[in-house]
Every structure is written in C-alpha cells, then in structure tokens.
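**Q** The structure follows.
Quick note: the coordinates plus some simple rules give every number you see, no bench work behind them. Note that the structure is a prediction, hence the values are computed from the model and not measured. Virtual Cβ from ideal backbone geometry, glycine too; neighbours counted across all protein chains shown.
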Amino acid sequence: MNKWDDYYIRTKDNDPNYILHLALSKVNLKTGHAIDLGCGNGADTALLIERGWTVTSIDFQEKALKNTYERILPENRYNLTLIKKKFEDVELPKADLVIANDSLSFCTPKQFPTLWNKIRDAINSEGRFAGNFFSKRNGLVSNQHSFFESDEIKEMFKGFKTEMFFEKYEEGPTSSGELWNIFYVVAKK
C-alpha cells in the first residue's frame, strides 16, 4: 500500500471541500462543465454532479478515480469523465469551473507554470477557479513540489476578479501531522 492508498482510505467519506461550498453558495455559480484536478475521494465531483454539472475528474491514482466513480449515483455517471494522468500531462477541456483542492502543489516547480497556463486557458470567460495552494510555510515544503507566497498567488490571478482570498493555518490532517498553511482562492475570469 502506498501513501496515497492510505490517504484515500482515511478520507474516503470526507465531505466536499469547503472552498467549493463557498464558491457555490456565495458566488452563485450556474451549472456547466467543471474540471476537478486531483479528484481524491470524489466528494467535490459528487457535489457538482448532484447539482447538475458535468465533470471531468483527473487524478493519477487509480484509487482516487475508483472512489470518485463509486460516489456518483449510477444514473448520474453519464455526467462524469474520468482521466488517469498527472494533471500536468493532460490536455484540459474548456470549463466553467476548475477546482483544485490540495492538489496543485504536488506539481513540480518546473512543470507548474505550464500547468497553470493550461488551467487559465481552460477556464471559459466568466468561468471560475476555486481551490487552494500550499504556502511556503507549509509543513510539507520540499523542492519537489510547488509552494507559494501570497504575492505569487495574486500575480497568478492577474486578469481575474478575485472573489475570495484567504490564508489558513491548521494542524493536519497530513499523513505525518504537519502544519497546513494554505491559501484559498475563488476567482472569476
């Protein structure tokens, strides 16, 4: 069992990420097509499909895709497309919403700028990004992953209208109990 399998077991029944709830409730998004980058336990994808969205869920772990598929009611699975790839290697379809919770920072610093350009290009005019980025003060910091300062994230969203931006410090739940220091963003293109 790898570290991701353990993570998926522990988070299998978790609720959708609260930044998605904030985006859906405060920003009043219409239905459309969404991309879930790093779909994990499938909770965000399931919520969107329950609300009438079509969703392309992308993850490089088979277990994540299986969890996502199993969370969707059989009669709604026609609204789901699953892609098993590292999201920096996939061509992204156009979308009204791109969500990325606890996932983008696992892209290498070398590949992140290309991935970020793909994300920006995939978001339709008037579409939104809702997700988070790990801070350089996060307990998981390494040179193999992408971590950010507040001003770097604000620069990434130039040309967008930032509707929500906040930083949160919390303990865990990481596999080894590190401090989470995360920036949350909802932004409209």
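**Q** First select every other residue whose beta carbon is under 11 angstrom from the beta carbon of V186; then total the charges, Lys and Arg +1, Asp and Glu -1.
**A** Around V186, the charge tally is +3.
**Q** Using θ = phi - 60° and the Karplus curve 6.51 cos²θ - 1.76 cosθ + 1.60, what whole-Hz ³J(HN,Hα) does each residue of the range 33-43 get, with Gly and Pro shown as x?
**A** Result, rounded to whole Hz: 10, 10, 10, 10, 8, x, 5, x, 7, x, 5.
**Q** Still on this structure, please answer the following. Within a Cβ distance under 9 Å of G40, other residues only, what is the Lys/Arg minus Asp/Glu net charge?
**A** Details: positive: none; negative: D36, D44, D59, D102.
Net charge in that neighbourhood comes out at -4.
**Q** If the limit is 27 Å between Cα atoms, which of K26/K66; K94/K158; K84/K161; K66/K188; K66/K158 go over it?
**A** Numbers: K26/K66 31 Å; K94/K158 19 Å; K84/K161 31 Å; K66/K188 31 Å; K66/K158 36 Å.
Those over the limit are K26/K66; K84/K161; K66/K188; K66/K158.
**Q** Let me ask something else about it. Which order do peptides 47-55, 157-165 fall in by mean Cβ count within 10 Å, highest first? Mind dumping the intermediate values first?
**A** Working: 47-55: 19.1, 157-165: 13.2.
In descending order of packing, they fall as 47-55, 157-165.
**Q** How big is D for the range 34-117, in µm² s⁻¹ as a whole number, if Stokes-Einstein is applied with the Kirkwood radius of its Cα pairs at 37 °C and 0.692 mPa s?
**A** 257
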